[in-house]
Amino acid sequence: MRLNALSAGVEAPTMCFSGVIHSIFHHACNVSLESDALLTLVSSEKGNLSQGIRLGTPPKFTFLNQLRVGQPFACRGGILRISGSELSVDLRTASLWHIDLKGLRINIHQRDTAQAWAVAWLELRKHRRGNAISAMIAAIPVTRKNPETSPGIRTLVERAVQTVPALIDATRNLQVDAAITAFTPLIGLGPGLTPSGDDFIVGYLAGLWSTAGSDSSRLRFMSSLGAWLSQAAAGTNAISGAYIKSSVNGNVSEPIATLAQRFGQAKSMESVREATRTALQVGNTSGTDGVLGLLLGCLAWAAPSLHKQKARAIFRRFSQDRRSRQCCL
């Protein structure tokens, strides 16, 4: 079977590389490159990734029927071939996919942008998943009282609720060491292929890049923080770590990048709603956590009154919403 590549992310190689199959899912396949980087092949119905290649796949196609973990592969002259498989991919047909977050220069003080942020926030409140990081934070009072909750889980959840306001405060004040201290407990936090804490980090960095503009002090902060995060990403799994490393360079998946782009354009609130819903649908909790990170990242360099107080109010609101729903069950 020969497939044509539809698009390739800005970080994805397309000419000459080799490695082995790392992990396989219905609509995605991760491959480990000799450079230790991770490349992701995705089927046509999935969104683009900065380190991914989107393929023109037929209906009902699944990678699970075509590949197995550990198979060697090599790309020469733009043709990707997998040892022991009839599947090959023509990468020469791929168009470049990239949304430049650094060029968005989102300003939350602009009326249309603030309205777009509020629309996305309302969608997040309506559609968030029950076991995302926001819900973990909201569940802290219950977690503390539940004798079946392990001390380790209680510690992780409590760290999250203490960490996020501190992270926003450190970002506003451009305090790299304080931001590192706040980021540390989030890395690898939670279960899943991409843990909730990591998804939040990726979204948060997307928000920072979208609002940093050409401010030299902010860019120095991002550079120093990024250098640390690139190393700290080793503290989570390979797939999640690859996403963190990409976000350090301002590169994130299409749903999150498109939502950030909608904030910058902010001409149609319905397009903001649609982009938010699309981003929220990613994975089990990845979309919810990534959108939460993006929204808070976009606030981080706004007026001081929007920072620590806003973050605490956000988490109080989540907690109140959750308790209200529980009372109605």
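Brief remarks on what is shown
- If the condition is being out of contact with any Leu (no Cβ under 8 Å at 6 or more places or on another chain), assigned to a helix (DSSP H, G or I) and either small (Gly, Ala, Ser) or under 17 Å from residue 105 (Cβ atoms) (or both), then the stretch 251-285 contributes 258, 262, 265, 271.
- Checked against (1) over 13 Å from residue 12 (Cβ atoms); (2) of a type outside the set (Gly, Ala, Ser); (3) open to solvent by 40 Å² or more (accessible area, probe 1.4 Å); (4) in contact (Cβ under 8 Å) with a residue 24 or more places away in the chain, residue 36 passes all but condition (4).
- Test for residue 259: is it of a type in the set (A, V, I, L, M, F, W, C) and under 17 Å from residue 287 (Cβ atoms): yes
- Top-ranked residue of the stretch 192-214 - restricted to ones that are farther than 16 Å from residue 298 by Cβ and hydroxyl-bearing (Ser, Thr, Tyr), ranked as surrounded by the most Cβ atoms within 10 Å (Cβ to Cβ): 196
- Yes/no for residue 320 being at pLDDT below 90, open to solvent by 10 Å² or more (accessible area, probe 1.4 Å) and over 11 Å from the mean Cα position of the chain (by Cα): yes
- Options 246, 230: the member that is touching a Ser or Thr at 6+ places or on another chain (Cβ under 8 Å), of a type in the set (Ser, Thr, Tyr) and either assigned to a helix (DSSP H, G or I) or modelled with pLDDT of 95 or more (or both): 246
- Single residue of the stretch 148-191 satisfying the filter (open to solvent by 10 Å² or more (accessible area, probe 1.4 Å), at pLDDT 65 or above and not in a helix (DSSP H, G or I)) that is farthest from residue 240 (Cα to Cα): 173
The values are calculated or read from the model by the stated rules, or taken from the named source; none is laboratory data. Keep in mind that this is a model prediction, so the values were computed, not measured. Cβ coordinates were reconstructed from backbone atoms using ideal geometry, including for glycine residues, and neighbour counts include every protein chain displayed. The area values use the complete protein model at the heavy-atom level, side chains included, leaving out ligands, DNA and RNA. Shrake-Rupley method; radii C 1.70, N 1.55, O 1.52, S 1.80 Å.
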